[in-house]
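Report on the structure given below.
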Amino acid sequence: MKKVNGHEIIALFEKWSPKRFAMDGDPVGLHIGQLNRTVENVLVTLDVNEEVIDEAIRKGANLIIAHHPPIFRPLKSLLTDTPQGSMIEKCIKNDIAVYAAHTNLDVAPGGVNDMLAEKLGLVDTKIVESTHSESLYKLVVFSPATHADDIRQTLEKAGAGAIGDYVGCSFSASGIGRFTPVEGAEPFIGEMGKSEAVEEERIEVVVPGPIRSKVLKAMLEVHPYEEPAYDLVVLDQQSTDYGLGRVGKLLEKTTLGQFAELVKKAFDVPALRFVGDPNKQIRKVAVLGGDGNKYIGAAKRSGADVLVTGDLYYHVAHDAEAMGIAVIDPGHNIEKVMIEGVADYMQAACAQASYNVSFIESEIVTEPFTFI
C-alpha cells in the first residue's frame, strides 16, 4: 500500500465530486492548511467546530473532509480569541488541513441527495433542478494495429469510453492507412519520400467534455505516430445533466402522516414539521438536503407529492400549501448521512488505488437545536 499526501486523496475525491459541480459563489475546496503532507487518517464530518478539531487531534487525523464550509464568508481579520479564530489557530498548530465539499457533493451522482433518497427507499430517481449539463464528445483515432490495444487501455484509464454502468466501451474497424513522409519528418513507420500502406485500426470512444483535454493528452503521449490522425466531434444529441435534489417513487403508496414517521425514523431525528393534510396519499417524493426553500416550485414541477427538505420558512410553507405540495422539514442536520457515505466511498476508492489511508467517521453531534 502506498503512503499518500492530501493532494492525492483530494484528487481522488474530486473525480467523484469535482469543484465545477458547485453553485456559483459556493466556497468549496481547501479552507485551512495545506495538502502536501503525508496523510494516514482522514476525519469526515458534516460541520467543523472546535470539538471536531479536538476529535481529529485525538484520532490522529491531519485532514478533515467536511460538507459545510468552515469559512463561508471572506474573513476581514483573524482574531484567535474568537471561536472561529481559535478553531483555525488550533488547526494550524496541529497541522490539520480542512477541505470542504458543499453543493458539489450535493450535486454529485451518489452524493448527499442520492444518499438521502436511498435512506427514504426511493426508486427511479431523477434530478429535481438541473444546474448544468456537460457535452459528450466522440473521439476517433487511427492507430497501427500493433498499438491499438495500448491506445484503448490508455483511453480507458484516462476516463474515456464510460457509458452508463459500463467502462472501456469502444468500437474498432480495420483498414489501410496511407501516407508519404517528406523532408523534416521522422516517421515511426516508413521511409522518406516513399508511399506507405499500413494496417490500422479506427478506434472510437465517447469522451465527457470536462476531461477531453486530459484524454487527448494521454492518447498523444502513447500514440507511436509523429502526427497521429484523430477527430473529436461533439455529440449534440447526448449530454449529462447534473443538479440539486432527487425525485423518485416509494415502492408503495402511503399517507403523508405515515410518511412523516418514516422520514423521522430514516434520518434519526427526534422531531420534524410538515405542511399538508396528514391523510394525503403520497407516492412520488422529492428530497433536497439543506435549505430547500428556493426549490418548492421545482419539486412541484417534478410531479412530487411531497418535498423533504430543511429550514422551511413560514411564508414558503404558506406558498407550498397554496401550490398543493406537501413539505416535510426534518431539519438541516439530516445531511449527516454524508459522514458515513463519504467515508465508505473514499475508503473503497483508496483501497482500489492502493492508498494507505483510513477514513474516520466523526462522532461529534453538530445539531445545534435541542428538541423538547
Point to revise | Gain upon complete extension [K19, R58; 0.36 nm per residue less C-alpha separation] | key: 11.1 nm
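Apply 1/(1 + (r/R0)^6) to the Cβ-Cβ distance of K93 and A173, taking R0 = 51 Å, and write down the FRET efficiency to the nearest 0.05.
Numbers: r = 62 Å, r/R0 = 1.21.
After rounding to 0.05, the efficiency reads 0.25.
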Point to revise | For the stretch 122-188: rounded, prolate or oblate by the Cα gyration tensor [a/c cutoff 1.5] | key: prolate
Exercise for review: Principal axes first, then extents: for the Cα atoms of the chain, list largest minus smallest coordinate on each axis, whole Å, largest first.
Suggested key: 88, 53, 37
Practice item. Arrange the peptides 11-19, 351-359 so that the one whose residues have, on average, the most other Cβ atoms within 10 Å appears first. Key: 11-19, 351-359
Revision key, fill the gap. Computed on Cα atoms, the radius of gyration and Dmax of the stretch 109-247 in angstrom are 20.0, 69
Point to revise | Zero-based 10 Å bins, Cα pair distances in the stretch 1-64, whole percents | key: 19, 49, 29, 3
Exercise for review: Find the centroid of the Cα atoms in the stretch 282-348 and in the stretch 237-265, then give the distance between the two in whole Å.
Suggested key: 9
Review point. Considering every pair of different Cα atoms, what Kirkwood radius, in Å, is found for the stretch 46-145?
Key: 17.1
Practice item. Would you mind putting 212-223, 282-293, 314-325 in packing order, based on average other-beta-carbon counts within 10 Å, highest first? Key: 282-293, 212-223, 314-325
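Each reported figure results from applying straightforward, stated rules to the coordinates on display, with no laboratory input. All values derive from a computational prediction rather than experimental measurement. Using ideal geometry, Cβ is built from the backbone for each residue, glycine included, and neighbour counts are taken over all protein chains shown.
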